[in-house]
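Structure, as structure tokens:
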Amino acid sequence: VAAIEDERPQLRRVGSRTMRLLTGDYERYVRNEWTRFLDDPARMRSSREAVSGLQVARVLDVGCGGGQELLPFVDAPGVLGVGVDSAPEVGLVASGLLSRVAAGSHVTVVRGIAEQLPFRTGSFDVVTCRLLLPYSNNADTLTEIGRVLRNGGVLLLKYHAVRYYLRRAAVGMTN
């Protein structure tokens, strides 16, 4: 598992499985994340380096939002990128952005939840999961990711900065 810390706590849990933004609308958030990703070549490079030497044909981004975490992989010939997210807007926004930036790539985006991934066992060589765990049932999500990841595959798990978890713990202690 390659773990990469991320400083941007943008989402919060609403209900049991629905993701919504703290402020602003979904499309603005997704476009902002794309800009940050494209403006920081180190992010793309670190994802590619984490899977160097691995034969990659299928990549899944769990909690994909705009799908930018698929970009380091889908520009290679023959690679299929799949994004899954619970947000109803995910297909429209992510598909539009991916088709413009990764034209000619094989990418599809589906609506679903991390705790019940709609894919066969061992379907993916690489699974990315960026900032989703605090907003899902961790045990179920990680079990599903492990199920769909092929033997010898790589999970790129990206999480909030420690500061985010300390704030959450402080809130819990005051309630």
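Values in this text are rule-based calculations from the coordinates and carry no lab data. Everything numeric here is computed off the predicted structure, so don't read it as measured data. Ideal geometry is used to build each Cβ from the backbone, glycine not excepted, and the neighbour counts take in all protein chains shown.
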Correct semi-axes for segment 92-175, from √(5λ) of the alpha-carbon gyration tensor and rounded to whole Å with the largest first, are 28, 18, 12
Skipping prolines and chain starts, which residues have an amide H placed within reach, meaning under 5 Å, of the one on Val107, given they are 5 or more residues away or on another chain? Gly81
Listed by chain and number, the residues whose amide H is under 5 Å from that of Thr128, excluding neighbours fewer than 5 places away on the same chain and using placed H, are Leu60, Asp61, Val62, Leu156
Describe numerically, in nm with one decimal, the distance between label points set 7 Å from Cα along Cα→Cβ at Arg111 and at Asn175. 2.7
Distance (nanometres) between label positions extended 7 Å along Cα→Cβ at Leu38 and Ala76: 2.3
Where in segment 59-85 is the amide nitrogen less than 18 Å from a point lying 7 Å along the Cα-to-Cβ axis of Glu27? 65-68
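Which loop-located trypsin sites (Lys or Arg not before Pro) does segment 102-175 contain, where loop means any DSSP state but H, G, I, E or B and the Cβ has at most 11 other Cβ atoms within 10 Å?
Values: sites: Arg111, Arg120, Arg130, Arg147, Arg150, Lys158, Arg163, Arg167, Arg168; in loops: Arg120.
Within segment 102-175, the qualifying trypsin sites (Lys or Arg not before Pro) (loop, at most 11 other Cβ atoms within 10 Å) are Arg120.
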Give, in nm to one decimal, the length gained when the segment between Leu92 and Thr143 is fully stretched (0.36 nm per residue of separation minus the Cα-Cα distance). 15.5 nm
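Sort 57-69, 73-85 by the packing proxy (mean of other Cβ within 10 Å over each peptide's residues), most packed first. Spell out each step's value before the answer.
On the way: 57-69: 25.9, 73-85: 19.8.
Taking the mean over residues of other Cβ atoms within 10 Å, the ranking is 57-69, 73-85.
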Once label points are set 7 Å from the Cα along Cα→Cβ at both Arg167 and Arg45, what is their separation, rounded to one decimal in nm? 2.9
